[in-house]
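Report on one structure; see the data block that follows.
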Amino acid sequence: MRSCWVKPFCLVLAGALLLSPVGWWGASEVKAAPSIEHSPPVSDTVLSAGSVHKTIATYGFEQGNSDGWKSRGTYTQIASVTEAAYGGTHSLKATARTAAWNGAELDVKSLLQPDVEYEISGYVKLDGHSAVPSMVKLTVEQQPTGGTTTWKTVAQTETADTSWIKLQGKYTFTGGMDALKLYVESSNPAQAYYMDEVEITQVSKTPTEPTHGIVSGFEDGTVQGWVSRMGAETVQVSDADARSGSYSLLTTGRQKTYAGPKLDVTATMQKGSRYTVSAWVKLAPGEQPAKVRLSVQRDHQGQSAYETVVGDTATTTGSWMHLSGTYTLAHDADTVSMYLETAEGTSSFYMDDFELSLVPPLAIEKDIPSLHGLYGGQFSMGTAIEAFQTEGAYGELVQKHFNSVVAGNAMKPISLQPSEGQFHWEEADQIVQFARQHGLEIRFHTLVWHNQTGDWMFKDKNGQPMTPTAENKKLLLDRLETHIRTVAARYKNVITDWDVVNEVIDPDQPDGMRRSKWYQITGTDYIEKAFRVTREAAGPNARLFINDYNTHEPKKRDFLYNLVRDLLAKGVPIDGVGHQSHIRLEFPAISEIEESIERFASLGLDNQITELDMGLYSNDTDRYETIPESMLIRQAHRYRALFDMFSRQQDHISNVTIWGTDDGNTWLSTFPIARLDKPLLFDERLKAKYAYWALADPSKVPPLPAGNNE
């Protein structure tokens, strides 16, 4: 994968998770929602204009009953007991647990409201010491109306002793829910636990009718919420120029390329929703031509991430230029803002007629053939997803058409371990839970990569950038081993196919090896180490892959072939080669891809097509406002020819994974430049394209345009 969405994380977790017979870490059979038996008095304290502190419910179990809590799990028993208590004389004890997700649960559907933030806390105590630390969690099971069940961790902590521990965290949900169940779980299913003093507190105001859009025309003579992003520039309404009406927004005094007008859109945007964004820009008089772009900043837990919505757009003083694109809020965010910036320089510019609007809800076509059914018995059919795509229409699309998934970003090194020892699992876990629930295979991407790896990995013991020394080599390889063993311990029983190392070949180097920091410090030892440790940690049944792009190019293919051959001769456990297959409408020749598959198969290796998409452009500069239908027809015929080749090679290919669910969620919308591209089988509304029908029913695809003989 050649792009990156980076999200910082900061949760610590050690120890392996245990599987239940019905699912992974929190999955359970769905039961009828129990009634609420506990209605405590409510207090309401307003803290600020945007927040409250309202106690919704407390549970101390002092009446000798369960206060409405029910048992979770077939054999689980719960009871109010006096043998332990954090406050008062009673607590609730959960015994006879047989799975990690077993314990005590509470139906909170009637207590909680959508788009409201709650703080949930409680005290938990293990019944007896354990040699293995237990991960104890407060979790909410969510059953969205018409959607797929998900499990959201509210708080978690690790313990091995019998002292009371406090779990406390924030929780909110959006949309209609058929059921919401709060429960306590523990990674050690053989251990009973006590819980006490559970409290649910509302910490944000109940929202009014949700806002689905923003329009800024500045005709009231105000900035309408737009402010200076960096503080030094001046953002003000101007009547000197306007695209429509009499006013526009003028930004002057910019001192950085990323300085400009900014608008907070947190209250408008909802996670998982897709929006259209439009703005018109024009340079102020006297400025030299510049490239303006529209970007998003997401802030979460003290860290910021940046995404381009509309790429560099050539702008002058002579005419208004239209910046138009779409954006999906795919990750958790405390605040979200949109802003304008320039690629270079600090030109002053006008902006007018800004619009942000919600794209109507998506729906899949349910009466068309399933993709994975078309190739059943040949190879599994996969897709790359983000955590938000386990829900709603995206989740339905994945369930219908694919029997394999891979995390587009959530399992990359920086996503799982952004700083040393600080592992974040939530989004990866959500994808794994979804896959387990629906019987989907899971590919892991990726354990080792030169990109999207935390800078801490390559700093010496003094916090300085590593230099090639024996001490640093050992430190780096030790960190590598720790990362692999921690990840594999969590997922070894649910993931069988692993991208162990990614993109290690550079055909422009004399020996063909990418001069990454891994290579500079360890040579090729990191590759051998990664495979050997993964085999030990993930088990003998795990299938281990080396993954790379442009494997069809003879020079790069041969370097990779020689590397794998030599590693195999040393007994390094490599099971297959992953061919990313980010191809284009014009190239490469399908015969080149087939030759590469056969070449690696000659070593006795499996082949997987790991990141397939088909960009429509033949270069890195063209940009279409509307994609010509003729290009989509040609794309369809090329997809058909490609999959015909995969079918011929089915003895050598075990999986074909499409890199994305739909054209609205493709990395090619921003790489190599921001532009409209449609590289996948379903369009941005999740409707089947010609490319899909070329595989499902070629009679529905128009013939190739004149002049094409593919």
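The values are calculated or read from the model by the stated rules, or taken from the named source; none is laboratory data. Since the model is a prediction, treat every value here as computed from it, not as a measurement. Positions of Cβ are backbone-derived with ideal geometry, glycine not excepted, and every protein chain shown enters the neighbour counts. Accessible surface is based on the protein model in full, side chains and every heavy atom, while ligands, DNA and RNA are left aside. Shrake-Rupley method; radii C 1.70, N 1.55, O 1.52, S 1.80 Å.
In region 559-582, is there at least one residue being farther than 17 Å from ASP606 by Cα and under 30 Å from the mean Cα position of the chain (by Cα)? Yes, that holds for at least one residue. Among the residues of region 310-320, some residue qualifies, meaning at least one is assigned to a strand (DSSP E or B) and in contact with a Gly (Cβ under 9 Å, 6 or more places away or on another chain).
Being outside any loop (DSSP other than H, G, I, E, B), surrounded by fewer than 20 Cβ atoms within 10 Å (Cβ to Cβ) and touching a residue at least 40 places away in the same chain (Cβ under 8 Å) holds for only one residue in ALA393, ALA384, and it is ALA393. Within the set THR524, THR453, THR467, the sole residue that is under 27 Å from ALA410 (Cβ atoms) and polar (S, T, N, Q) turns out to be THR453.
Among the candidates THR482, THR453, THR486, the residue that is within 28 Å of THR153 (Cα to Cα) and surrounded by fewer than 17 Cβ atoms within 10 Å (Cβ to Cβ) is uniquely THR482. Among the residues of region 561-575, just one is within 20 Å of THR657 (Cβ to Cβ) and out of contact with any helix residue (DSSP H, G or I) (no Cβ under 8 Å at 6 or more places or on another chain), namely ASP575. Selection of region 440-450 for residues being more than 15 Å from ALA410 (Cβ to Cβ) and either at pLDDT below 95 or open to solvent by less than 10 Å² (accessible area, probe 1.4 Å) (or both) yields only VAL448. One residue stands out among those in region 668-710 that are in contact with a Phe, Trp or Tyr (Cβ under 7 Å, 6 or more places away or on another chain) and among the aromatic types (Phe, Trp, Tyr): the one that is nearest to SER324 (Cα to Cα), which is PHE682. Within region 157-176, the residues that satisfy the criterion of being assigned to a strand (DSSP E or B), farther than 22 Å from SER204 by Cβ and in contact (Cβ under 8 Å) with a residue 40 or more places away in the chain are GLU158, ILE165.
For TYR306, indicate whether it is free of Cβ contacts under 8 Å to residues at least 12 places away in the same chain, under 29 Å from THR172 (Cβ atoms), open to solvent by 10 Å² or more (accessible area, probe 1.4 Å) and touching a strand residue (DSSP E or B) at 6+ places or on another chain (Cβ under 8 Å).
Answer is yes for this residue.
Scanning region 594-605 for residues that are surrounded by fewer than 20 Cβ atoms within 10 Å (Cβ to Cβ) and either part of a helix (DSSP H, G or I) or out of contact with any helix residue (DSSP H, G or I) (no Cβ under 8 Å at 6 or more places or on another chain) (or both) turns up GLU594, GLU595, GLU598, ARG599, ALA601, SER602, GLY604. Look at region 51-77: where a residue is surrounded by fewer than 17 Cβ atoms within 10 Å (Cβ to Cβ) and a partner is outside any loop (DSSP other than H, G, I, E, B) and small (Gly, Ala, Ser), sitting 6+ places away or on another chain with Cβ atoms under 7 Å, you get THR55/SER43; GLY64/SER80; ASN65/SER80; GLN77/SER71.
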